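Undergrad: Take this structure, written in structure tokens, and hold onto it; I'll ask about it next.
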Amino acid sequence: MALAAINLSDVKVIFEGSTILENVNLTVQDGDSVAIIGPSGQGKSVLLKIMAGLVLPTEGKVLVRGENLSEISGARRQKVVNKIGMLFQKNALFDSLTCGDNIAFPLREVTDLDEQQIQKVVAEFLEAVGISHAKNLFPDEISGGMQKRLGIARALALNPDLIFYDDPTAGLDPITSRKIIDLILRLRAQNSATVVAVTNDMNRAYQMASRIWMVVDRQVVDAGSVEQTKQHQDLRIQQFITGAIRGPLTAPDSGAIND
Amino acid sequence: MMAIFQPFFNIISETGRVVQFFFQMLDVWKRKSISRDLMFEQIWKVTVQSSATTALAGFFVGAIMTVQFTMEMKDFGALGYLGGLSTSGTIREVGPLLIAFMLAGKVGAFTSAELGTMRVTEQIDAIRCLGADPIQELVLPRFIAIVISSFFLLGLGLLLSIFGGMLLGKYFSGVNYEEYLRHIPTIVSLPSILSGLFKCFVFAVVLAVICTHRGYSTTGGAKGVGRSVVQTAVSTMVAIVIADWATSLLADIALKIFLRSR
Ligand SMILES: Nc1ncnc2c1ncn2[C@@H]1O[C@H](COP(=O)(O)OP(=O)(O)O)[C@@H](O)[C@H]1O
Ligand SMILES: [Mg+2]
């Protein structure tokens, strides 16, 4: 059997005394396209960061291509990490660098390309996400949609085969968010990477995902394929995808959604 | 009942984390190269940002000390020693302390806010994700720059304190410049200058490690950044008072050993 892209076993995360996730057992296979859904503040971003090796689990094991990210270091860790691309929820663009230099940053850090080659790659990526004109602008001088595009371009700059998108359409208008999802799907068709994306837009989730997970009550429920998710027995999943106001998520003793 | 002691436990565990962070930095420093450009950029930024305020603070510390000593010494007719005593008191004790407080509020708060913002906007995570080391790229250039610039700024402040003392000596106390300066070398010995400079260096390191650590470990969004800034200023001042006591003690012991060996 081929090595899974990602494997989490018995993962538990505790932050400052409170348990965020527990009993997480999941596998992502190469070529999968997973959508993570769930109420906000339940640990979706934390789950992505665990898989990217940015947060270490309090207990349990996280294997990326068979390597335990909290146990390896140096060149070996670098090799695994360089194959992971991530779009952060708040984009995490470097505000002191121009858009072009944001994309050049990983190229300068990791590759041996000379400056001319770097500029060529930067131009290609800016072109691919449709923001060539913004090369010399700073991130806070461009619109939210363009910032997302830049974040995506930077995440893909090292040509990763494992890509994490943290809520790529949050805060965008429907048309822009549609364009961003189209961009993600187009890029995925091009480089056939494995994708894990957080999104609460069910239409987008159905559009892009081969599998759906839901993070709720400190657990991650693997709801299966889009069809399986739509008919899932778990009432929390049903309530979430239909957006019903009454249900287990909004029950007084649940605490998953209480605004 | 235990609640009363909670803050003390927090201080101890925070101190532990700061020390751990310090060694983590040293470890990265040993293994990896720090970009000269980044470092000089930071040194330049810190120095330009704070030289005016430090100079002003230094000048007035000297001035205040002179005024204080004048009032005490006039009655004894000992104004001839004004320059020596005021300068000695300033550069050994009050000067470094007050100027370091200023820097805690300025450089410390700024750095903590800057790193804290990078943390909560996930820029620090992004750096790691893109194959770089944030301690090497962000923290160490700032840490080294703050140590160097603060040391320089403290020295600059102390020099200006002599000048401030001199000026007030003339216009407030009626002691002319030659007389003011004459007793500085007799009272201000080389060991006390060295102990003053040593103090400045220790304060600079304390200042630099606390603000970089606090900023780097910020959690909780924009609110968290605000919390980090306040905490940096408060912890730095407390730590500097403690470091002041410790270095005075050390300098005292060193001086005794030095005198006995002669
Ligand atoms: N670095 C951190 N330190 C402490 N608590 C954190 C940290 N990151 C996230 N949390 C907490 O973990 C919980 C889940 O956060 P998150 O994963 O961002 O939720 P979401 O599902 O909206 O992405 C939240 O309660 C948040 O406050
Ligand atoms: Mg999130």
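We did not get these values from a lab; they are worked out from the coordinates using the rules stated. All of these numbers come straight from a predicted model, not from anything done at the bench. Note that each Cβ is placed from the backbone with ideal geometry, even for glycine, and that neighbours are counted across all protein chains shown.
Undergrad: From the phi of every residue in the stretch A:120-131, what ³J(HN,Hα) in whole Hz does the Karplus formula 6.51 cos²θ - 1.76 cosθ + 1.60 yield, where θ is phi - 60° and glycine or proline is x?
TA: Along the stretch A:120-131, the couplings run 5, 5, 4, 4, 4, 5, 4, 4, 4, 9, x, 10 Hz.
Undergrad: Within 12 Å, Cβ to Cβ, of A:Leu107, how many net charges do the neighbouring residues add up to if Lys/Arg are +1 and Asp/Glu are -1? Working shown, then result.
TA: Numbers: positive: A:Arg108, A:Lys120, A:Arg154; negative: A:Asp101, A:Glu109, A:Asp112, A:Asp114, A:Glu115, A:Glu124.
My count for the surroundings of A:Leu107 gives -3.
Undergrad: Student exercise: in chain A, how many lysine pairs 8 or more apart or on different chains have Cα atoms under 13 Å apart?
TA: Working: A:Lys12/A:Lys61; A:Lys90/A:Lys148; A:Lys120/A:Lys135; A:Lys148/A:Lys179.
Lysine pairs, 8 or more places apart or on different chains, close enough: 4.
Undergrad: Counting DSSP beta bridges in the protein assembly as shown, what percent are antiparallel, to the nearest 5? Before the final figure, lay out the partial values.
TA: Numbers: 19 of 36 bridges.
About 55 percent, rounded to the nearest 5.
Undergrad: Another one. What list do you get for A:Glu124, B:Glu178 if you sort them by fewest beta carbons within 10 Å?
TA: Working: A:Glu124 13, B:Glu178 8.
The order, fewest Cβ neighbours first, is B:Glu178, A:Glu124.
Undergrad: For chain B, what is the calculated [θ] at 222 nm in deg cm²/dmol (nearest 500), taking -39500 (n - 2.57) for each run of four or more DSSP H residues and dividing by its residue count?
TA: Details: 11 runs with 213 residues, N = 262.
For chain B, the value works out to -28000 deg cm²/dmol.
Undergrad: Sticking with this structure for a sec: On a C-alpha basis, how far is the centre of the stretch A:120-149 from the centre of the stretch A:180-259 in Å? Whole number, if you could?
TA: Between the Cα centre of the stretch A:120-149 and that of the stretch A:180-259, the gap is 29 Å.
Undergrad: Which of B:Thr218, B:Thr87, A:Thr98 has the fewest other C-beta atoms within 10 Å, and how do the rest follow up to the most?
TA: Working: B:Thr218 25, B:Thr87 30, A:Thr98 17.
Ascending number of Cβ neighbours within 10 Å: A:Thr98, B:Thr218, B:Thr87.
Undergrad: Shifting gears a bit: Number of Lys pairs in the stretch B:35-261 with C-alpha atoms less than 21 angstrom apart, excluding same-chain neighbours closer than eight positions?
TA: Values: B:Lys45/B:Lys106; B:Lys74/B:Lys170; B:Lys106/B:Lys199; B:Lys106/B:Lys223; B:Lys199/B:Lys256.
Final tally of qualifying lysine pairs is 5.
Undergrad: Which of B:Ser261, B:Ser35, B:Ser195 has the fewest other C-beta atoms within 10 Å, and how do the rest follow up to the most? Display every interim value, and only then the final one.
TA: Values: B:Ser261 6, B:Ser35 12, B:Ser195 22.
Ordered by Cβ neighbours within 10 Å, fewest first: B:Ser261, B:Ser35, B:Ser195.
Undergrad: Relative contact order for the stretch B:35-261 using alpha-carbon pairs under 8 Å, separation at least 6, rounded to a whole percent?
TA: 35 percent
Undergrad: Can you compute the helix-only [θ] at 222 nm over chain A? Use -39500 (n - 2.57) per DSSP H run of at least 4 residues, normalise by all residues, nearest 500 deg cm²/dmol. Mind dumping the intermediate values first?
TA: Working: 9 runs with 93 residues, N = 259.
Helix contribution divided over all residues of chain A: -10500 deg cm²/dmol.
Undergrad: Which distance in Å, rounded to a whole number, links the C-alpha centroids of the stretch B:30-91 and the stretch A:35-100?
TA: A separation of 46 Å, based on Cα centres.
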